[in-house]
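Report on the structure given below.
The values are calculated or read from the model by the stated rules, or taken from the named source; none is laboratory data. Model, not experiment: these values are computed from the prediction. Virtual Cβ from ideal backbone geometry, glycine too; neighbours counted across all protein chains shown. Side chains included, ligands, DNA and RNA excluded: accessible areas come from the protein's heavy atoms. Shrake-Rupley method; radii C 1.70, N 1.55, O 1.52, S 1.80 Å.
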Amino acid sequence: MYVNSYVETSYVNSATNGAEVAAEQASKPQMRSRQSTPSIDNREQYVKYINSASEEKLAGSIDAIKQYGPPIAMFRMSDIEQAANSGEMHDRIGRAIAHFDKEAQKYHKQELAIINDGAKTGKSSKEILMEIVELRDQQSELFKMGINWGSKGLAHPENYDKLVAATPSYVNYYA
């Protein structure tokens, strides 16, 4: 979902709050400049959502996790375009996404296990989703950057060193 020139990566939040977010953002002016767009921390937004939503909405979020599958890596193209080394950034992100996808598959299996175990033991949707927050907190830096989990995003300039660490086999042929 594109909201105000940045990508909202929390599929659970967007699956349940999409109409509200779209209506709210439609009333705001869209950013068109080449300036840095606001950073979003999906962790902060997700926890706020869990703590404020009704049990019915939280149950819908759990259903969305089961329906939509593993998360996908997201980034702002403007971060790549504005980088001094945009070619290298593009290539590194391509490699990083391949690693991210493998981790996302494994993560999603763990996420589904939490959901199934929680349902069997009678946990509330809020308890299940907070366990999923803990699971996300335990993932690699690459995974967290890919979903903006306590991070400014995969291509954000402040995460360049983390991106380099996640793609050690990359060779910059243009250097």
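Listed values, structure above:
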read-out	value
Residues being within 12 Å of residue 71 (Cβ to Cβ) and open to solvent by 10 Å² or more (accessible area, probe 1.4 Å) - total across segment 148-168	1
Any pair with Cβ under 7 angstrom, 6 or more apart, that starts in segment 141-161 at a residue that is more than 16 Å from residue 107 (Cβ to Cβ) and ends at one that is of a type in the set (A, V, I, L, M, F, W, C) and modelled with pLDDT of 85 or more	153/145; 155/93; 159/145
Helices (runs of 4 or more DSSP H) wholly inside segment 85-147 containing at least 1 residues that are open to solvent by less than 20 Å² (accessible area, probe 1.4 Å) and modelled with pLDDT of 95 or more	86-120, 125-137
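To keep it simple, each residue is scored yes or no on (1) over 19 Å from residue 134 (Cβ atoms); (2) crowded, with 17+ Cβ neighbours inside 10 Å.
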position	(1), (2)
46	no, yes
53	no, yes
61	no, yes
67	yes, no
75	yes, yes
80	yes, yes
